[in-house]
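Working notes, beginning with the structure itself.
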């Protein structure tokens with residue numbers, strides 16, 4: 001039985017109808033702080049979730065304590081990358097869109113942590129089914145050098161049941177989900193999550 005992901009609050013704005021896959025109902029996170037939803041328990045002994053089970057025996061899903069669904073996607077260099085290729089690093093999996101104002105707020109924070117922890121942290125941004133030139137322009141504007149991948153048709157977002165932007169999954173070095181944050185991340189919140197992985 002998977003723990004339910006809270007429904008976005010009314011303050012979250014609906015994404016433009018002409019942007020993105022018709023099969024997926026995506027909501028854009030608003031600037032109101034009360035629109036931020038966090039699915040995480042600080043101080044939890046994460047190992048207790050699966051202490052008696054090898055990682056290979058954990059179920060695959062989008063709940064905390066489950067192995068994140070693997071996927072392959074093409075980045076802005078035209079290379080195909082797989083989530084599973086990043087095992088061994090802490091993974092920050094961020095779902096975003098160029099039209100999402102809160103996403104613009106947190107992008108510099110993600111870039112800074114990408115630069116701060118190059119050996120231990122993999123930041124991956126999954127864009128909201130937008131054309132490659134638009135995503136590239138956004139990356140150039142913010143000087144983003146972490147992996148940005150395209151999601152034509154919103155297939156990855158459907159798999160992760162994304163309901164609002166930005167949404168960020170934090171995976172441990174074995175690819176197990178340890179926290180989910182729906183809404184804009186402040187620097188303090190971001191550093192708190194990373195600290196739980198031993199990244200100070």
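Values in this text are rule-based calculations from the coordinates and carry no lab data. Being a predicted model, the structure only gives us computed values, none of them experimental. FYI the Cβ positions are ideal-geometry reconstructions off the backbone, even for glycines, and counts take in every protein chain you see.
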Worksheet item: Can you find a residue in segment 101-108 that is part of a loop (DSSP other than H, G, I, E, B), touching a residue at least 12 places away in the same chain (Cβ under 8 Å) and farther than 20 Å from residue 78 by Cβ?
Response: no
Worksheet item: Of the residues that make up segment 142-164, is at least one over 21 Å from residue 79 (Cβ atoms), part of a strand (DSSP E or B) and in contact with a helix residue (DSSP H, G or I) (Cβ under 9 Å, 6 or more places away or on another chain)?
Response: yes
Discussion item. Condition first: farther than 19 Å from residue 198 by Cβ, out of contact with any strand residue (DSSP E or B) (no Cβ under 6 Å at 6 or more places or on another chain) and surrounded by fewer than 18 Cβ atoms within 10 Å (Cβ to Cβ). Can you find one or more residues in segment 113-120 that meet it?
Written reply: no
Worksheet item: Going by the structure shown, is residue 175 surrounded by 20 or more Cβ atoms within 10 Å (Cβ to Cβ) and farther than 24 Å from residue 200 by Cβ?
Response: no
Worksheet item: Which of the residues that make up segment 173-200 are touching a helix residue (DSSP H, G or I) at 6+ places or on another chain (Cβ under 7 Å) and within 12 Å of residue 113 (Cβ to Cβ)?
Response: 185, 187, 190, 194
Worksheet, complete the sentence: Apart from one, (1) surrounded by fewer than 20 Cβ atoms within 10 Å (Cβ to Cβ); (2) in contact with a strand residue (DSSP E or B) (Cβ under 8 Å, 6 or more places away or on another chain); (3) under 28 Å from residue 55 (Cβ atoms) all hold for residue 139; the odd one out is (3)
